Amino acid sequence: ARIKKEINIQKQLDCIYFPKIYDSKIDENECLIYEEFIDGNDLTEYIGKDSEYYNNESKCLELLKELVIGLSFVWSQNIVHRDIKPANIIIRISNDKPVILDLGIAKDLDSKSVTQGGMWGTPGYSSPEQSFNKRDLFGKKSDMFSLGVVIYELYYSERPFKDAYEAAMLPCDFYKNNLQPSEEFKKIISKLLEKMPYNR
């Protein structure tokens with residue numbers, strides 16, 4: 001069911017930010033998917049002090065802009081990704097553009113099932129409302145929090161919060177590793193990492 005869901009969503013997305021699905025066959029006996037091959041590396045390969053993103057505001061903010069453009073395609077259909085993290089983002093070698101993967105746990109906000117089930121996402125990247133299953137607060141801005149974590153991690157080479165409690169209660173530290181980000185950068189990332197979704 002999760003694979004079928006991901007295929008259906010991706011078939012609706014005709015843009016460079018998601019892999020194209022050329023054909024698929026899914027029944028009780030087999031699952032066959034012909035999907036676009038993305039030549040590149042996922043963002044986990046870009047985390048570290050030797051990375052081109054480390055202490056590079058312009059590079060990080062350009063990626064953030066591209067990711068927001070990409071996610072706007074699903075947000076415009078009232079769908080939330082729910083699992084934005086470095087492992088689910090590939091940077092194409094050909095044009096340095098991000099490709100967003102794994103729409104299997106994406107949620108249609110118009111669906112009645114939005115209030116069913118527990119927390120979805122990846123610990124360390126999920127928003128406070130996801131981590132603590134605050135169903136009434138869940139929405140597209142939950143993805144924005146995860147984007148803030150990803151960009152922060154690329155810039156500092158470490159995540160802003162150690163666990164769900166810190167993500168929900170503590171402000172992030174903008175002076176790790178003796179870095180001195182600009183006020184603009186801090187303002188943008190702080191906005192994404194607001195505890196309450198209506199402040200993002």
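Among the residues of segment 117-169 satisfying the criterion of being among the basic types (K, R) and more than 14 Å from P197 (Cα to Cα), which is surrounded by the fewest Cβ atoms within 10 Å (Cβ to Cβ)? Top of the filtered list is K162.
Hey, can you tell me all the residues within segment 143-200 that are assigned to a loop (DSSP other than H, G, I, E, B) and charged (D, E, K, R)? Correct list: E158, R159, K162, D163, D173, E194, K195, R200. A residue that is at pLDDT 95 or above, surrounded by 16 or more Cβ atoms within 10 Å (Cβ to Cβ), in contact with a His (Cβ under 9 Å, 6 or more places away or on another chain) and under 20 Å from S127 (Cα atoms) can be found somewhere in segment 87-98. Output yes when any residue across segment 1-15 is modelled with pLDDT of 90 or more, open to solvent by less than 90 Å² (accessible area, probe 1.4 Å), over 23 Å from L147 (Cα atoms) and out of contact with any helix residue (DSSP H, G or I) (no Cβ under 7 Å at 6 or more places or on another chain), and no when none is. Looking for residues that are modelled with pLDDT of 90 or more, open to solvent by less than 90 Å² (accessible area, probe 1.4 Å), over 23 Å from L147 (Cα atoms) and out of contact with any helix residue (DSSP H, G or I) (no Cβ under 7 Å at 6 or more places or on another chain), one finds none in segment 1-15, hence no. When the strands (runs of 3 or more DSSP E) confined to segment 1-114 are screened for residues that are more than 30 Å from F161 (Cα to Cα), those reaching at least 3 such residues are found at 21-26, 31-35. Within segment 24-68, being hydroxyl-bearing (S, T, Y), within 16 Å of S157 (Cβ to Cβ) and either modelled with pLDDT under 95 or open to solvent by less than 60 Å² (accessible area, probe 1.4 Å) (or both) holds for Y46, S51, Y53, Y54.
For segment 1-20, the set of residues classified as within 14 Å of E36 (Cβ to Cβ) and free of Cβ contacts under 8 Å to residues at least 24 places away in the same chain consists of K11, D14, K20, listed by residue number.
The values are calculated or read from the model by the stated rules, or taken from the named source; none is laboratory data. Note that this is a predicted model, so its numbers are computed, not measured. All Cβ positions, glycine included, derive from the backbone under ideal geometry; neighbour counts span all protein chains shown. For the accessible areas, the whole protein counts, side chains as well, though only heavy atoms, and no ligand, DNA or RNA atoms are used. Shrake-Rupley method; radii C 1.70, N 1.55, O 1.52, S 1.80 Å.
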